[in-house]
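As structure tokens, the structure follows; a few thoughts come after it.
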Amino acid sequence: MEEQEQDIRLESFLKWASDLGISDSSGSLPYVCLGHSLSLAYFPLAGGRGLGAVRDLRKGELILRVPKSALMTRESLLKDEKLSVAVSRHPSLSSTQILTVCLIYEMGKGKSSWWLPYLMHLPRCYDIFATFGEFEKQALQVSDAIWAAERAISKARSEQNEANQLMAELNLKPQLLTFRAWCWAAATISSRTLHIPWDEAGCLCPVGDLFNYAAPGEETFCSEEVDGRLCASSFQATSLLNGDRAHKSNVEVLDAHDLRLTDGAYEEDVAAYCFYARQNYLKGEQVLLCYGTYTNLELLEHYGFLLNENPNDKVFIPLEPEIYSSCSWPKELLYIHQNGKPSFSLLSALRLWTTPPSKRRSLGQLAYSGSPLSTDNEIQVMKWIAKKCNLVLKNLPTSTEEDSLLLSSINEIQDLHSVVELEKAISASRGEIRSFLEANKLQNVASGNNLLLSSKARRSMERLKLAVQWRARYKKILLDCIFNCTETIDSLTCGKYLPFKLA
């Protein structure tokens with residue numbers, strides 16, 4: 001029965017989208033919404049529901065067009081006179097806060113909403129940081145990640161408080177005035193809006209928001225390339241005091257980088273949001289959209305998911321203040337790549353920092369060019385990085401092996417559907433998973449109450465799983481870095497391998 005209802009809603013949604021002119025065909029005649037280039041499909045190992053190719057697609061080919069009239073924006077929602085008048089009395093609210101209130105207000109209309117077919121297909125819940133409870137937040141373990149979650153939660157509560165008076169004036173239903181409702185609407189906007197030139201809050205794009213995420217690939221500039229292009233101007237800015245010219249050069253490089261991350265955009269000449277194939281796709285493959293360059297922490301914070309293999313992931317290790325003062329590299333470039341290799345800038349900064357102060361000026365250009373300064377210097381740098389990574393890992397509460405066991409326990413509990421099986425799993429639980437069950441009042445197996453996990457408990461467990469997955473990947477990057485540094489030290493010591501030409 002539930003599947004039949006979903007099929008009916010899907011059919012209604014696609015007919016509604018087709019009537020609005022949303023089409024995956026580039027032809028001028030009316031077409032059905034999907035079927036020429038794309039179709040809705042389920043990809044269990046790659047994002048769940050998404051869009052698949054119904055034929056072979058060529059890179060750069062137009063695959064979806066959504067007219068402006070089908071975009072949900074502040075402008076379109078504020079055509080409601082009651083809402084518009086109320087919003088006009090609160091000019092201090094940001095555009096995003098206003099769009100959040102507008103979305104909640106539209107949801108409150110229920111079946112009378114013109115947007116109902118679209119609203120019915122929005123996710124019922126999200127796993128962004130703003131929805132994390134205390135237990136899931138602490139499960140991240142890393143202080144920077146915990147701080148990011150706390151900041152997101154605090155920001156969401158603050159923005160809701162600022163908008164409370166407006167929502168009260170709109171006479172919304174009590175359930176729409178809760179923090180949970182605010183988080184849902186804010187998460188919908190955070191994770192699903194697309195950029196439009198006339199409103200910084202962006203737009204919700206029916207059908208267009210069904211594309212799952214693909215990290216920037218080899219066709220875009222990688223971080224090392226950007227670092228390399230920046231290095232010359234960074235050194236010039238320090239040694240020649242030519243700051244304005246260097247800054248302009250940096251901005252031009254980064255702007256070009258950002259432009260190449262765009263797979264879709266609003267096009268004024270056709271008054272529609274247009275999406276293009278970012279690569280060649282074979283029939284049946286999932287068609288993906290690149291939102292931009294994000295680390296796994298950023299994906300989790302804003303979108304509620306992370307990638308098993310994210311080429312843009314990175315780890316920042318604690319650095320002595322003198323390291324920052326001895327070089328001109330921005331802090332955000334001093335990190336370890338997802339493959340465990342120190343960034344171009346981090347190596348450059350550490351090579352210079354480990355050089356005696358009296359020699360730094362004479363060796364500065366060599367360091368900023370990316371070249372090792374000497375074999376001894378390179379070994380010293382690698383030992384320092386490996387030691388720092390080891391220290392970070394040692395200070396974390398659990399090991400990667402323990403994280404792996406915890407993930408197995410979570411998966412086991414999530415897959416259980418009978419009271420007997422769940423009671424057995426809970427009785428055998430220990431450590432962190434046991435603490436989670438106690439925090440969610442699921443530990444009283446004797447009474448038989450709450451054994452079949454509620455939807456709320458399942459969402460909390462899913463967020464716990466995401467937190468553990470994130471910290472496990474964080475630790476893997478550090479372990480890979482230790483391995484790479486140790487391997488380089490061994491090679492340099494034996495004189496068999498030099499990563500770069502030495503001076």
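So here's what we get for this one:
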| quantity | calculated |
| --- | --- |
| Relative contact order of segment 17-107, defined on C-alpha pairs under 8 angstrom at six or more residues apart (%) | 25 percent |
| Highest to lowest packing among 378-384, 142-148, scored as the average C-beta count within 10 Å | 378-384, 142-148 |
| Segment 40-156 shape via C-alpha gyration tensor axes, a/c threshold 1.5 | oblate |
| Listed residue pairs exceeding 24 Å between alpha carbons, taken from K59/K341; K79/K111; K15/K68; K79/K109; K314/K388 | K59/K341 |
| Average accessible area per residue (Å²) across segment 456-495 - probe 1.4 Å, nucleic acids and ligands excluded | 40 Å² |
| Segment 315-359 pair-distance distribution - Cα-Cα, 5 Å bins, rounded % | 5, 24, 35, 21, 10, 4, 1 |
| For segment 256-333: rounded, prolate or oblate by the Cα gyration tensor [a/c cutoff 1.5] | prolate |
| HN-Hα J in Hz across segment 101-118 - Karplus 6.51, -1.76, 1.60, θ = phi - 60°, x for Gly and Pro | 4, 4, 5, 4, 4, 5, 4, x, 6, x, 5, 7, 6, 5, 8, 3, x, 6 |
| Rounded to whole Hz, the Karplus (6.51, -1.76, 1.60) HN-Hα couplings of segment 76-82, x for glycine and proline | 6, 6, 7, 5, 5, 4, 4 |
| Two-site FRET efficiency, E309 against E200, from Cβ-Cβ distance with R₀ of 30 Å, rounded to 0.05 | 0.40 |
| Rounded, prolate or oblate (a/c below 1.5 giving rounded, otherwise prolate when a/b exceeds b/c) for segment 165-212 by Cα gyration tensor | prolate |
| Amide H contacts under 5 Å for G202, placed H, 5+ residues apart | I196 |
| With every protein chain in place, segment 32-170: carbon and sulfur % of accessible area (1.4 Å) | 54 percent |
| Two-decimal ratio, segment 284-394, of alpha-carbon radius of gyration to 2.2 N^0.38 Å | 1.28 |
| Length released on extending from E320 to Q279, taking residue separation times 0.36 nm less the Cα-Cα span | 10.5 nm |
| Theoretical FRET efficiency, 1/(1+(r/R0)^6), r = Cβ-Cβ of T178 and L396, R0 35 Å, to 0.05 | 0.50 |
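The values are calculated or read from the model by the stated rules, or taken from the named source; none is laboratory data. These numbers were taken from a predicted model, which means no experiment stands behind them. Heads up, the Cβs are rebuilt from the backbone with ideal geometry, glycines too, and the neighbour counts pull from every protein chain shown. Only protein heavy atoms, including side chains, enter the accessible area calculation; ligands, DNA and RNA are left aside. Shrake-Rupley method; radii C 1.70, N 1.55, O 1.52, S 1.80 Å.
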